[in-house]
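All remarks here apply to the structure that follows.
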Ligand SMILES: Nc1nc2c(ncn2[C@@H]2O[C@H](COP(=O)(O)OP(=O)(O)OP(=O)(O)O)[C@@H](O)[C@H]2O)c(=O)[nH]1
Ligand SMILES: [Mg+2]
């Protein structure tokens, strides 16, 4: 409930109260029981409430019936999250994705809405007929718009995939920062790379992915992407709409799963993130668990040790104070290393282009000159083996 009110505040609402009802199964017509609904309706009247938000997804009929009982607007969790996303989308792709998810959420509700209107008009044949026609026009309009958005998205996505291919030509390792919303993902990207992504104490501060290059102390280059945060019960349509954005996550060599270790529900948040990762087809990826915000544990170290016991390769950090960042970098270096071949090369001095390219795409750990030849020890991505093979002197043991 606390999270739901944070979401409501993020969307611009002022929360005046909340309530709970325990039931074996939701009521088909009003979701909560009739008696409870009446009780809430009274609260709504006395506090002049204009919107009631449910933490679950409501059927079109349930929202409609509840609007009549409460005599105000009724939203469910899905519509609330969609509304926040709509307010926060900045890029063309982001906006299109949200509109698509919203229209798809609206389409079945459109039917209900008009059905309800024609019933209200007492089943007068003519009017009902008008309602039907209006309904069909509206549905067709929404469907046309959906088709147009899908075509436009296709174009935007092709451009993005071209960009990704260009980056992959460099064969730098790709790492994606994932995690529950507000865990500190953007703050971590900023701390590590000096990026200036907006980080704030709000849910879903980030919607669009940002990628920056990170040079590890070992001289390896990593492309680090920060992207949209996850939340429990993330609407499925939204996950679908965001699949293209989340492609970065699916393509990554390594995931950095950032957890707000100071949050009382950190365990559940980890599970929700894993659920969404499964849904987008990114389960089982090499993952580095990053337990963040250790500066605000306030003596509650027990939870943290439990996390670290369960994830022996995990690291504890504060993205704000920088504590633990060196350990994180070291862990990144060692987790990304196995994908590279460690070799010694001899490159003639006049092949400056080759040497420059090596520095760009490989991790050069040593360089010295012997006469007119540069001797280099470097870790090279397997795909680039061919390109440099003629300069190989010998293979080295990977430390
Ligand atoms: N005390 C403390 N606060 C932190 C730390 N890391 C992030 N924060 C704060 O947590 C809030 C959320 O940080 P963000 O980096 O925006 O979180 P995010 O995971 O990118 O969130 P979304 O983009 O909304 O999903 C901000 O107010 C940060 O200042 C940390 O290590 N310690
Ligand atoms: Mg963010």
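The values are calculated or read from the model by the stated rules, or taken from the named source; none is laboratory data. On a predicted model such as this, the values are computed, not experimentally measured, just so you know. Here Cβ is always computed from backbone atoms with ideal geometry, including for glycine, and neighbour counts include all displayed protein chains.
Which of (1) under 31 Å from the mean Cα position of the chain (by Cα); (2) surrounded by 15 or more Cβ atoms within 10 Å (Cβ to Cβ); (3) farther than 24 Å from residue 255 by Cβ is the odd one out, the single condition residue 364 does not satisfy?
All conditions pass for residue 364, except number (1).
Filter region 65-77 down to residues that are outside any helix (DSSP H, G or I) and within 30 Å of the chain's Cα centre (by Cα) and give me whichever is nearest to residue 34 (Cα to Cα).
In this case the residue turns out to be 74.
When only residues in region 90-100 that are closer than 16 Å to residue 234 by Cβ and within 15 Å of the chain's Cα centre (by Cα) count, which is surrounded by the most Cβ atoms within 10 Å (Cβ to Cβ)?
Per the stated criteria, the residue is 97.
Limited to region 276-303, what total is found for residues that are touching a residue at least 40 places away in the same chain (Cβ under 8 Å), away from ligand 2 (no atom under 16 Å from the Cβ), assigned to a helix (DSSP H, G or I) and under 24 Å from the mean Cα position of the chain (by Cα)?
Summing the residues that are touching a residue at least 40 places away in the same chain (Cβ under 8 Å), away from ligand 2 (no atom under 16 Å from the Cβ), assigned to a helix (DSSP H, G or I) and under 24 Å from the mean Cα position of the chain (by Cα) in region 276-303 gives 2.
Search region 194-207 for residues being without any contact (Cβ under 8 Å) to a residue 60 or more places away in the chain and either touching a helix residue (DSSP H, G or I) at 6+ places or on another chain (Cβ under 6 Å) or more than 10 Å from ligand 1 (Cβ to nearest atom) (or both), and hand back the single one that is nearest to residue 80 (Cα to Cα).
Across region 194-207, the extreme among qualifying residues is 206.
Return yes or no: is residue 62 assigned to a helix (DSSP H, G or I) and at pLDDT 90 or above?
It is true that residue 62 is assigned to a helix (DSSP H, G or I) and at pLDDT 90 or above.
Is it the case that region 229-250 has a residue that's within 19 Å of residue 313 (Cβ to Cβ) and touching a helix residue (DSSP H, G or I) at 6+ places or on another chain (Cβ under 6 Å)?
No, region 229-250 contains no residue that is within 19 Å of residue 313 (Cβ to Cβ) and touching a helix residue (DSSP H, G or I) at 6+ places or on another chain (Cβ under 6 Å).
Only one residue in 191, 210, 181 is surrounded by 23 or more Cβ atoms within 10 Å (Cβ to Cβ), at negative phi and within 12 Å of ligand 1 (Cβ to nearest atom). Which one?
Within the list 191, 210, 181, the selection yields 181.
Quick check on my filter: what residues within region 225-243 are within 13 Å of ligand 1 (Cβ to nearest atom), outside any loop (DSSP other than H, G, I, E, B) and either farther than 27 Å from residue 196 by Cβ or over 9 Å from the mean Cα position of the chain (by Cα) (or both)?
225, the sole residue that qualifies.
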